[in-house]
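Please read the structure below before turning to the comments.
The values are calculated or read from the model by the stated rules, or taken from the named source; none is laboratory data. The structure presented is a predicted model; accordingly, all values stated were derived computationally and were not measured. Methodologically, a virtual Cβ is constructed for each residue, glycine included, from the backbone with ideal geometry; neighbour enumeration extends over all protein chains shown. Please note that ligands, DNA and RNA were not included when accessible areas were found on the heavy atoms of the full protein model with its side chains. Shrake-Rupley method; radii C 1.70, N 1.55, O 1.52, S 1.80 Å.
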Amino acid sequence: MKSLKILLITYRFYPDVGGIEVNSEVLANQFLTFGADVRLVTNTIANGDKKFHFPVIRKPPIKQLIELHKWADVVFENNPTLRLSWLNIFIKKPLVIAIRTWINRADGNEEWQDKIKQWWIRRAAYTIAVSKAVQYEQYVANTIVIGNPYREELFRIIHGIKRDKAFVFMGRLVSDKGADMAVRLLHSLLQHKQLLSDFGSTEFPKLTLTIIGDGPEKSKLQQLARELNIENHVKFTGTLKGAPLVQALNEHRYILVPSRWSEPFGNVALEGMACGCIPIVSDGGGLPDAVGAAGVTFKRNDLDDLIMKTMALIQNPNQDLKLREKSREHLENHRPNVVAKKYLKVLESALNQK
């Protein structure tokens with residue numbers, strides 16, 4: 001049987017950094033391991049230092065783009081990318097589109113560009129939504145929910161590292177990510193003397209918060225920690241990547257994802273879980289899908305509910321143990337080879353419809 005020729009289109013790619021860029025690379029590599037022939041097209045011009053096992057064609061001229069579409073058995077858009085895929089109107093190849101974010105403006109309104117994207121999505125043989133929330137919001141016929149993969153070769157439990165810190169937040173420091181809620185949560189917990197006597201014992205880590213990331217809200221968060229008189233309990237590391245990031249995550253017991261924005265999925269929760277952290281996440285968007293039964297959810301933008309759910313978790317060792325047991329099964333469903341196999345099944349079904 002001849003190998004499946006996949007034209008993978010992604011608007012942005014390495015060396016740009018982001019969820020779509022990472023997922024495009026992960027899926028392309030996995031498609032290769034299953035015997036497919038992959039060519040990746042992107043609008044990102046910069047090359048970077050990394051080498052790939054598949055051709056990466058950056059901002060191709062129209063003639064080359066025509067040749068690539070003719071070459072392909074199936075076209076896979078990793079998020080709608082009309083500037084690189086519009087030729088499918090004329091060169092009609094089976095089209096599958098993964099929807100990785102909301103097709104509207106940040107304020108929820110729809111502009112003409114969004115309506116064009118929605119029209120384009122409806123042309124696809126299949127669409128893949130990264131969460132039930134995205135499926136519900138952007139629903140079209142033939143939509144299949146497949147959660148994101150995580151980079152298992154990077155995010156993992158490292159034995160021998162002492163997990164002696166309580167909370168970690170990882171993300172861009174902007175108001176939508178809710179890092180201030182993490183600071184206020186810690187302040188509330190520090191007011192409870194019973195928790196203070198438990199934390200710091202042999203069974204509990206230090207009651208601290210590590211904030212990994214950078215952004216325009218950093219100075220405000222530092223000021224908030226000072227105003228609440230907990231600056232000695234809050235550490236700002238700045239942006240961490242690779243091994244230092246994995247090391248830091250392995251030092252913590254819980255990862256906080258208190259996003260005010262409805263995240264389409266929430267890879268950060270998976271990555272923390274893979275490093276042994278129990279995720280505590282807001283219930284907006286795709287975050288409940290990202291943690292499944294292996295995490296704790298609270299009402300989005302509700303500090304009191306966050307405090308209550310966190311208190312209940314850290315005071316219940318049995319719940320902690322059950323969540324850690326469930327994390328193994330949950331992570332198994334998000335391993336790159338498992339996710340890529342589901343994608344390939346959809347791509348093959350689109351080809352068979354031709």
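For this structure, a couple of remarks:
- All strands (runs of 3 or more DSSP E) inside the stretch 241-310 with 2 or more residues being among the acidic types (Asp, Glu) and more than 23 Å from Arg328 (Cβ to Cβ): none
- Residue in the stretch 1-19 that is nearest to Lys70 (Cα to Cα), counting only those that are of a type in the set (A, V, I, L, M) and open to solvent by 50 Å² or more (accessible area, probe 1.4 Å): Met1
- Selection within the stretch 144-171 - in contact with a Ser or Thr (Cβ under 6 Å, 6 or more places away or on another chain) and open to solvent by less than 20 Å² (accessible area, probe 1.4 Å): Ala166, Val168
- Of the residues making up the stretch 1-45, just one is of a type outside the set (S, T, N, Q), within 19 Å of Pro264 (Cβ to Cβ), in a helix (DSSP H, G or I) and in contact with a Leu (Cβ under 8 Å, 6 or more places away or on another chain), namely Leu27.
- Number of positions in the stretch 330-352 that are among the acidic types (Asp, Glu) and either in contact with a strand residue (DSSP E or B) (Cβ under 9 Å, 6 or more places away or on another chain) or at pLDDT below 95 (or both): 1
- Only listed residue being open to solvent by 10 Å² or more (accessible area, probe 1.4 Å), within 14 Å of the chain's Cα centre (by Cα) and not aromatic (Phe, Trp, Tyr), chosen from Gly295, Gly285: Gly285
- Restricting attention to the stretch 289-305, the residues being closer than 30 Å to Gly242 by Cβ and in contact with a Lys or Arg (Cβ under 8 Å, 6 or more places away or on another chain) number 6.
- Residue within the stretch 321-332 that is among the polar types (S, T, N, Q) and part of a loop (DSSP other than H, G, I, E, B) present: no
- Scanning the stretch 333-350 for residues that are assigned to a helix (DSSP H, G or I) and surrounded by 18 or more Cβ atoms within 10 Å (Cβ to Cβ), we see that the one that is farthest from the chain's Cα centre (by Cα) is Ala350.
- Filtering the stretch 47-64 to residues that are in contact with a Lys or Arg (Cβ under 8 Å, 6 or more places away or on another chain) and either at pLDDT below 95 or part of a helix (DSSP H, G or I) (or both) leaves only Asn47.
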